[in-house]
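Report on one structure; see the data block that follows.
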2 protein chains.
Amino acid sequence: MNIKQAAQASGLPAKTIRYYEDIGLIAPLRSANGYRQFRDSDLHKLTFLGRARSLGFSIGECRDLLALYEDRDRASADVKRIARQHLDQIDAKIAELQQMRATLARLTDACAGDERPDCPILQDLACAGTDTR
Amino acid sequence: MNIKQAAQASGLPAKTIRYYEDIGLIAPLRSANGYRQFRDSDLHKLTFLGRARSLGFSIGECRDLLALYEDRDRASADVKRIARQHLDQIDAKIAELQQMRATLARLTDACAGDERPDCPILQDLACAGTDTR
DNA sequence: GATAGGGCTTCCATTTACTGGAAGGTCAAG
DNA sequence: CTTGACCTTCCAGTAAATGGAAGCCCTATC
């Protein structure tokens with residue numbers, strides 16, 4: 001199976017698949033003409049990677065997860081630890097964004113949004129110390 | 001005022017301030033020895049930038065906001081439009097993260113996290129089609 | 001006058017996870 | 001035998017800094 005089929009089957013762009021080989025996440029075979037040949041196991045890994053990335057795992061985390069995936073003697077605790085760490089990071093990011101959102105919503109609500117130059121948004125940005133609440 | 005004082009006053013690292021000059025966000029004067037000299041207006045801009053970045057505005061958005069900040073004839077509608085666009089992006093990002101969070105929480109809850117190899121997290125990653133709910 | 005230190009300068013490399021594009025080899029169809 | 005689709009590698013660029021090296025500048029001290 002060539003790279004285009006692998007891309008369609010895994011849902012990843014061919015460019016990304018080449019990149020994943022580059023950084024050592026996968027190692028497809030090569031046929032005589034130099035084309036990559038994807039086995040079922042390669043496809044499984046690509047699907048795995050696409051799914052893990054879509055859940056926000058970093059490439060480093062994906063590498064670790066893939067190693068555990070390959071290791072029939074793994075402990076599920078190792079997987080769970082990585083997942084929980086990532087969950088904590090997601091929670092932190094959500095909290096940060098919600099904080100931003102709250103401030104920004106307050107400012108946009110306060111802004112008239114007309115042709116006049118007065119703008120609480122700019123006022124806040126220029127001087128965060130002067131509380132515009 | 002030299003860069004170190006400007007950094008302390010604005011809360012931005014000196015490296016970041018040099019970078020902001022590099023990309024044309026600020027233009028501090030130079031003294032005879034080549035050192036950057038920061039005026040009050042430079043400090044105001046740096047504070048503005050730090051605040052805008054902390055609200056998640058991109059450098060491009062910061063550039064636009066800074067131009068509006070400088071423009072005494074601006075319409076607040078222009079500012080509000082940028083802010084609302086950004087607010088929508090934040091909302092989209094939050095929704096995406098919450099979706100990830102929900103899936104990941106479900107999986108980690110289902111994982112025993114012990115020394116055994118069986119792991120619903122890996123199962124899901126390997127085969128998203130096989131719903132593990 | 002020499003030197004030590006802290007601060008300043010520029011420039012280059014690295015980070016994340018790709019993505020775009022150029023130059024060129026391979027293969028099947030007509 | 002040429003066309004077009006597919007494949008290859010390599011180089012560059014993205015966002016927003018950050019780290020580090022090599023080397024001025026300035027002040028204080030010996």
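Taken residue by residue and averaged, Cβ atoms of other chains lying within 10 Å of the Cβ of A:61-71 number 2. Distance between the 7 Å Cα→Cβ label points at A:GLN37 and B:ARG81: 5.8 nm. Sorted from shortest to longest, the distances between the B:ARG30 label points of this copy and the other copies are 5.0 nm, with each point 7 Å from Cα along the line through the beta carbon. Under a 5 Å amide H cut-off, with hydrogens placed 1.01 Å from N, B:GLN37 pairs with B:LEU29, B:ARG30, B:SER31 among residues at least 5 apart or on other chains. Taking a quarter of the surface of the Cα convex hull of region A:1-119 gives a mean projected area of 11.9 nm². Per residue, chain B exposes an accessible area of 54 Å² to a 1.4 Å probe, with every protein chain left in place.
The mean count of C-beta atoms from other chains within 10 Å of the C-beta of residues in B:14-26, rounded to a whole number, is 0. Distances between copies of A:GLN85, taken at a point 7 Å out from Cα along the Cα→Cβ vector and listed shortest first: 3.8 nm. Placing a label point 7 Å from the Cα of B:MET1 along the Cα-to-Cβ direction, the distances to the matching points in the other copies come to 6.1 nm, shortest first.
Summed over both chains, the area buried between B and A is near 4400 Å², taken from the accessible surface of protein heavy atoms with a 1.4 Å probe. The mean count of C-beta atoms from other chains within 10 Å of the C-beta of residues in B:102-111, rounded to a whole number, is 4. Using the Karplus relation 6.51 cos²θ - 1.76 cosθ + 1.60 with θ = phi - 60°, the per-residue 3J(HN,Hα) values for region B:79-94 come to 5, 4, 4, 4, 5, 5, 4, 5, 4, 4, 4, 4, 4, 5, 5, 4 Hz, with x marking Gly and Pro.
Considering only chain A, the C-beta nearest to the rotation axis that sends A to B is found at A:ILE94, 3, the distance in whole Å. If the segment from A:ASP91 to A:GLN8 were pulled out straight at 0.36 nm per residue, it would be longer than the present Cα-Cα gap by 26.6 nm. Taking a point 7 Å out from the Cα of A:ALA105 in the direction of its Cβ, the residues of region B:78-92 whose backbone N falls within less than 20 Å of it are B:80-92. Over chain A, what percent of the accessible surface lies on carbon and sulfur atoms, probe 1.4 Å? Carbon and sulfur atoms account for 48 percent of the accessible area of chain A.
The values are calculated or read from the model by the stated rules, or taken from the named source; none is laboratory data. Worth saying up front: this structure is predicted, and the values here are computed from it rather than measured. All Cβ positions, even for glycine, are placed from backbone atoms using ideal geometry, and neighbour counts span all protein chains on display. These accessible areas exclude ligands, DNA and RNA; they are computed on the full protein's heavy atoms, side chains included. Shrake-Rupley method; radii C 1.70, N 1.55, O 1.52, S 1.80 Å.
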